[in-house]
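Input: a single structure, listed below in structure tokens.
The values are calculated or read from the model by the stated rules, or taken from the named source; none is laboratory data. In this text, all values refer to a predicted model and were calculated from it rather than measured experimentally. Using ideal geometry, Cβ is built from the backbone for each residue, glycine included, and neighbour counts are taken over all protein chains shown.
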């Protein structure tokens, strides 16, 4: 019985260690640029500007800005035609934050933050997206799939 | 009145950069975020055939040293 309790405790501790924070950035009331801000898959209008997920000791802060991503046609990689090519510090700034913690201790997220943002445009420079990193984690730990992919890449680059 | 910790400003500066990891699905992005304690800024479809998703993390989302050793042979990128 004690062993069972110990195992439960261990499981709970492990779960809590891996719990993450869900951060929703949304436009505050009365902010402009609501036209065309839609959930692409349903067409419904939305206040949501971005969703982030943190699994570390960092929390969102007042003054944070939502990063903006763009695709510039002349920089598109034909292998990844849908990807962003550049990013910049965005025009929406966090002005206040609500923090919610679940009543049930074992939840997927330890905290949900709603970050209310105001439209405060800035002249930030565009930066090119960094190269992609590919690892075993890209395949969720599937070593076979990872190896096959890397082998195929190696063969393609030799040709 | 919000007090700004100078340490936070330092963090913020480094987090203005992003790191990109490819993945076969968005779930893999969340798995990486949880496994390594990274900050997942977004994931996006990249219209590629196998690694269909780009996971974009704030700051330097680099593998721990021991993890890098594990993939150290794959420097053919």
Checked against (1) in contact with a strand residue (DSSP E or B) (Cβ under 7 Å, 6 or more places away or on another chain); (2) modelled with pLDDT under 95, residue B:8 satisfies every condition except (1)
Within region A:134-149, of all residues that are closer than 11 Å to residue B:50 by Cβ and surrounded by fewer than 18 Cβ atoms within 10 Å (Cβ to Cβ), the one nearest to the other protein chains (Cβ to nearest Cβ) is A:145
Just one listed residue, out of A:93, A:103, A:99, is loosely packed, with under 11 Cβ neighbours inside 10 Å and more than 11 Å from chain B (Cβ to nearest Cβ), and it is A:103
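Could you please give the count of residues in region B:18-55 that are in a loop (DSSP other than H, G, I, E, B), over 10 Å from the mean Cα position of the chain (by Cα) and either within 7 Å of chain A (Cβ to nearest Cβ) or at pLDDT 95 or above (or both)? Quick ask: steps written out before the conclusion?
Our first condition is that a residue be in a loop (DSSP other than H, G, I, E, B); within region B:18-55, this holds for B:24-25, B:37-38, B:46-52.
Keeping just the survivors that are over 10 Å from the mean Cα position of the chain (by Cα) gives B:24-25, B:46-52.
In the following step, the residues that additionally are either within 7 Å of chain A (Cβ to nearest Cβ) or at pLDDT 95 or above (or both) were identified as B:24-25, B:46-48, B:50-52.
Of the residues in that region, 8 qualify.
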Exactly one of A:45, A:82, A:36 is without any contact (Cβ under 8 Å) to a residue 24 or more places away in the chain, surrounded by fewer than 17 Cβ atoms within 10 Å (Cβ to Cβ) and within 17 Å of residue B:55 (Cβ to Cβ), and that one is A:82
All conditions in (1) at pLDDT 75 or above; (2) within 15 Å of the chain's Cα centre (by Cα); (3) surrounded by fewer than 17 Cβ atoms within 10 Å (Cβ to Cβ) are true of residue B:67 except (1)
